[in-house]
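Comments concern the structure below.
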Amino acid sequence: MPKLLLHFEGIAVAAAGLWAYHHLGASWILFAALILVPDLSMLGYLAGPVSGARLYNLGHTYLLPGLLWLCLSFLAPTIALPVALIWTIHIGIDRALGFGLKYESGFKDTHLNRV
């Protein structure tokens, strides 16, 4: 049951993020250009499973898009919120699909299940 709740939580986060992005009136071209950028964190696996898991998890935790928005909303509000929302939506979609945070034992070992 907890795993199922985490999947639904991902759907809810992605849906809320998409709703907010739409109502923000931000560029859908920007959305398309950036939606997969967090997956570049998988390149950390080229250095091994420990470095890979750490870098991947850094790019796939809700903490960083939240901090991005908080820190940059005063300096660049027109870009900070759209980018933070895109990042958050990406993470929500990943969670909904079952891609969780990685354990250092290997890429396929996640907090949601074995991929």
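Read the figures in this text as sums done on the coordinates, not as results from a lab. Since this is a predicted model, take the numbers as computed values, not measurements. Quick reminder, even Gly has a Cβ in these numbers, built from the backbone with ideal geometry, and neighbours come from all protein chains shown.
Model label points for residue 32 and residue 19, set 7 angstrom from Cα along the Cα-to-Cβ axis, are 2.6 nm apart. Computed from point charges on the beta carbon alone (+1 for Lys and Arg, -1 for Asp and Glu), the dipole magnitude for the chain about its Cα centre is near 160 Debye. Count Lys and Arg as plus one, Asp and Glu as minus one, and take only other residues whose Cβ is under 15 Å from that of residue 17; the net charge is then -1.
Between residue 42 and residue 97, full extension at 0.36 nm per residue minus the direct alpha carbon distance yields a gain of 18.1 nm. What is the local net charge at residue 96, summed over the other residues whose Cβ is closer than 14 Å to its Cβ (Lys, Arg +1; Asp, Glu -1)? Once positives and negatives cancel, what remains is 0. Between residue 74 and residue 109, what FRET efficiency follows from the Cβ-Cβ distance if R0 is 30 Å, with the result rounded to 0.05? With a Förster radius of 30 Å, E is 0.15. Separation of region 77-98 from region 1-46 is 4 Å, based on Cα centroids. Note that region 73-84 has calculated 3J(HN,Hα) couplings of 5, 7, 8, 9, x, 6, 10, 4, 5, x, 5, 4 Hz, one per residue in order, obtained from phi through the Karplus relation 6.51 cos²θ - 1.76 cosθ + 1.60 (θ = phi - 60°); glycine and proline are x.
Each residue in 110, 78, 61 was given a count of other beta-carbon atoms within 10 angstrom of its own, and listing them fewest first yields 78, 61, 110. Summarised in one figure, the compactness ratio Rg/Rh of region 2-110, Cα atoms and Kirkwood Rh, is 0.99. As a proxy for reagent exposure, ranking 22, 60 by other Cβ atoms within 10 Å from fewest up yields 22, 60.
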